[in-house]
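Colleague: One structure, as structure tokens, below. Some questions next.
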Amino acid sequence: MKTLLLWYTALATALSTARVWGQTTPTNLPQGTLRVSAQVRSLRQFYWIRELPPHDENPGGGRLGYFGSETPLTLLWRNGNGPHSKVQRLHPNTWVNEPTEGPLDSTTKALLGFTIQLEIE
Amino acid sequence: MLGNHSVIAQRGTVQARVMNGYTGLIFNQIGAPIISGNQQSYNITIHDSRTLVLEIAAPARTPLMIQIQPITEILNHTNSPPSSIPFAWEAAFCNEGLNDERMARNQAVPLDPNQNNFQFEMSDYQNLPGNPAPVENRVKAFLYVYGRLGPIGPVTPGYFTNSMNIEVWY
């Protein structure tokens, strides 16, 4: 299959080439505009409230609250700088229980220094 | 804008249209938010459903020219000066006489992003299984436009956009 792929550094060159093909003036189909877009969000280290059980007899049994905003947030639990271990939806002015499964028990969190980041939706 | 109305151009025996009700090259993706300062890049490849597909139908051997006015960044105009994120366009086309878009996509040849003007000739129809017959003696060629966004620096969060013009001459 014969494929002809040439490029021209200027439209003038292209116009002269079109004349070689037998057209006096190339015809321009109506041009289109391609819109390129992206929504960029912010990720902040955010304040939060963590309330542990009175005697911590139930590892991981604490609760979290987020107050002072009407915007829902998503908690990203991390182990140090490691990948996300758990994603947790958090609505403002509502307590949620800390995750208890996997490595996210309170002992592990205390040892490894888990942090919480809140991603604004 | 390329998009809501699929047919963008029809004059004489050459037609060009954007397929699939395209609304733009949108990098947003559910579950993978673009976060300011994360230094990541985001790619839309030729096989991505978000890739622009421009269909050109013309008689075989018709010479065509495509001119792409490139952009190198998308901007957030809510602050002054505007925040910017690097954008590198990529494109590929197929004029192999394949009227089936999926078959053509697999045969598309990448275009040199350092150039802006491209010339090619419509090929003869390929009589292959699965290749739809020409309509009114027109074969199809396909232009695919996609690209890479980033790295995402510490920019002001918000909506970033820019426009890129694509012209087809025959």
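Colleague: Within segment B:51-67, how many residues are within 9 Å of another protein chain (Cβ to nearest Cβ) and either within 30 Å of B:VAL155 (Cα to Cα) or touching an Asp or Glu at 6+ places or on another chain (Cβ under 6 Å) (or both)?
Modeller: 3
Colleague: Further question: So, of the residues in segment B:75-90 that are at the interface with chain A (Cβ under 10 Å from one of its Cβ atoms) and either in contact with an Asp or Glu (Cβ under 8 Å, 6 or more places away or on another chain) or under 29 Å from B:ASN106 (Cβ atoms) (or both), which turns out to be surrounded by the fewest Cβ atoms within 10 Å (Cβ to Cβ)?
Modeller: Across segment B:75-90, the extreme among qualifying residues is B:TRP89.
Colleague: Can you report the number of residues in segment B:19-50 which are within 11 Å of the chain's Cα centre (by Cα), within 7 Å of chain A (Cβ to nearest Cβ) and at pLDDT below 90?
Modeller: Residues in segment B:19-50 being within 11 Å of the chain's Cα centre (by Cα), within 7 Å of chain A (Cβ to nearest Cβ) and at pLDDT below 90: 1 in total.
Colleague: Identify all residues within segment B:38-49 that are under 16 Å from A:LEU34 (Cβ atoms) and crowded, with 16+ Cβ neighbours inside 10 Å; write none if there are none.
Modeller: B:ILE44, B:ILE46
Colleague: Restricting the search to segment B:112-164, which residues are in contact with a Leu (Cβ under 8 Å, 6 or more places away or on another chain), aliphatic (A, V, I, L, M) and crowded, with 16+ Cβ neighbours inside 10 Å?
Modeller: Those that are in contact with a Leu (Cβ under 8 Å, 6 or more places away or on another chain), aliphatic (A, V, I, L, M) and crowded, with 16+ Cβ neighbours inside 10 Å: B:MET122, B:ALA141, B:LEU143, B:VAL145, B:MET164.
Rundown of residues vs (1) over 20 Å from B:SER49 (Cβ atoms); (2) among the small types (Gly, Ala, Ser), yes/no style:
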position: B:ASN106; (1), (2): no, no
position: B:PHE118; (1), (2): yes, no
position: B:PRO132; (1), (2): yes, no
position: B:ARG138; (1), (2): yes, no
position: B:ALA141; (1), (2): yes, yes
position: B:TYR159; (1), (2): yes, no
position: B:ASN162; (1), (2): yes, no
position: B:ILE166; (1), (2): no, no
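Colleague: Tell me which of these B:TYR144 doesn't satisfy, since it passes every other one: (1) more than 20 Å from B:GLN15 (Cβ to Cβ); (2) in a strand (DSSP E or B); (3) among the hydroxyl-bearing types (Ser, Thr, Tyr).
Modeller: (1)
The values are calculated or read from the model by the stated rules, or taken from the named source; none is laboratory data. Because the structure is a prediction, the values reported are computed rather than measured. For neighbour counting, all protein chains shown are included, and Cβ atoms are generated from backbone atoms with ideal geometry for every residue, glycine included.
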